[in-house]
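Only one structure is covered here, and it is reproduced in the block below.
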Amino acid sequence: MQPIISPSVLSADFGHLQRDCEMLNKSSADWFHIDIMDGIFVPNLSFGFPVLKSIQKAARKPLDVHLMIVDPDRYLETFQQHGAWQISVHYEACTHLHRTIQRIKSLGVKAGVALNPHTPVHVLEDIIASLDLVILMSVNPGFGGQKFIDRTYAKTTKLKDMIISQQSSCLIEIDGGVNAENAGQLVAAGADALVAGNFVFSSSDPISTIAKLKTSQ
């Protein structure tokens, strides 16, 4: 099965956002990956609701929203109203994770949890059956263009084993440093979805680059 490709719009040219969204619409990408950063949970700021609204209007594919923010519960309904098809929160940012996941699902949105590179997958053992997605950060969150952390391969396999053992339908998404050199190995390790930002948008032919990732085996 081909992996789901979710290009990170954070790496798009915001001076030509409509153009880049149309490119993703025409490509073989499956989702639009939307990174929301608050400058507190991670040392960077990304776009807010007005820009997200513009993306919502332009996108013809599901919005895969990744919240890298503290206290995400305050904004879940607003993200749902701005077109989020899937919302992922960070394990490290949620005191009552099960409650947060229940809240996301009550909004009719798919629910995911992201793990920072230092966080082991076993922390999700008691909630994995309730999740639609786990994002494994393969770089430290906050900035694009970082070097891929090789430990992610083993972490992906361990998470896939947990998902299978609990008969969960949860997908695994890898976020950070994904490119044509490691995509196939990530899929072989058990990844279902790949986030790619700089690798796609800095390419001379983003549509072909996305197609190459899509055929990673």
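We did not get these values from a lab; they are worked out from the coordinates using the rules stated. Since the structure is predicted, the reported quantities are computational estimates derived from the model, not experimental observations. Here Cβ is always computed from backbone atoms with ideal geometry, including for glycine, and neighbour counts include all displayed protein chains.
Restricting the search to strands (runs of 3 or more DSSP E) fully inside the range 65-137 and requiring at least 1 residues that are touching a strand residue (DSSP E or B) at 6+ places or on another chain (Cβ under 9 Å) and of a type in the set (Gly, Ala, Ser) gives 84-90, 110-115.
In the range 97-104, is there at least one residue being closer than 21 Å to Ser6 by Cβ, surrounded by 15 or more Cβ atoms within 10 Å (Cβ to Cβ), basic (Lys, Arg) and in contact (Cβ under 8 Å) with a residue 24 or more places away in the chain? The answer is no, given that none of the residues of the range 97-104 is closer than 21 Å to Ser6 by Cβ, surrounded by 15 or more Cβ atoms within 10 Å (Cβ to Cβ), basic (Lys, Arg) and in contact (Cβ under 8 Å) with a residue 24 or more places away in the chain.
Note on the range 159-176: residues that are within 19 Å of the chain's Cα centre (by Cα) and not in a loop (DSSP other than H, G, I, E, B) total 8.
A quick yes/no check of all residues on (1) out of contact with any Ser or Thr (no Cβ under 9 Å at 6 or more places or on another chain); (2) surrounded by 18 or more Cβ atoms within 10 Å (Cβ to Cβ); (3) part of a helix (DSSP H, G or I); (4) touching a residue at least 12 places away in the same chain (Cβ under 8 Å):
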{"residue": "Gln2", "(1), (2), (3), (4)": "no, no, no, yes"}
{"residue": "Ile5", "(1), (2), (3), (4)": "no, yes, no, yes"}
{"residue": "Leu10", "(1), (2), (3), (4)": "no, yes, yes, yes"}
{"residue": "Gly15", "(1), (2), (3), (4)": "yes, no, yes, no"}
{"residue": "Gln18", "(1), (2), (3), (4)": "no, no, yes, yes"}
{"residue": "Glu22", "(1), (2), (3), (4)": "yes, no, yes, yes"}
{"residue": "His33", "(1), (2), (3), (4)": "no, yes, no, yes"}
{"residue": "Met37", "(1), (2), (3), (4)": "no, yes, no, yes"}
{"residue": "Val42", "(1), (2), (3), (4)": "yes, yes, no, yes"}
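The set of residues from the range 45-64 being in contact with a helix residue (DSSP H, G or I) (Cβ under 7 Å, 6 or more places away or on another chain), within 19 Å of Ser27 (Cα to Cα) and either surrounded by 21 or more Cβ atoms within 10 Å (Cβ to Cβ) or aromatic (Phe, Trp, Tyr) (or both) comprises Ile55, Leu63. Scanning the range 164-217 for residues that are within 21 Å of His122 (Cβ to Cβ), surrounded by fewer than 21 Cβ atoms within 10 Å (Cβ to Cβ) and out of contact with any helix residue (DSSP H, G or I) (no Cβ under 6 Å at 6 or more places or on another chain) gives Ile164, Ser165, Gln167, Ser169, Leu171, Asp192.
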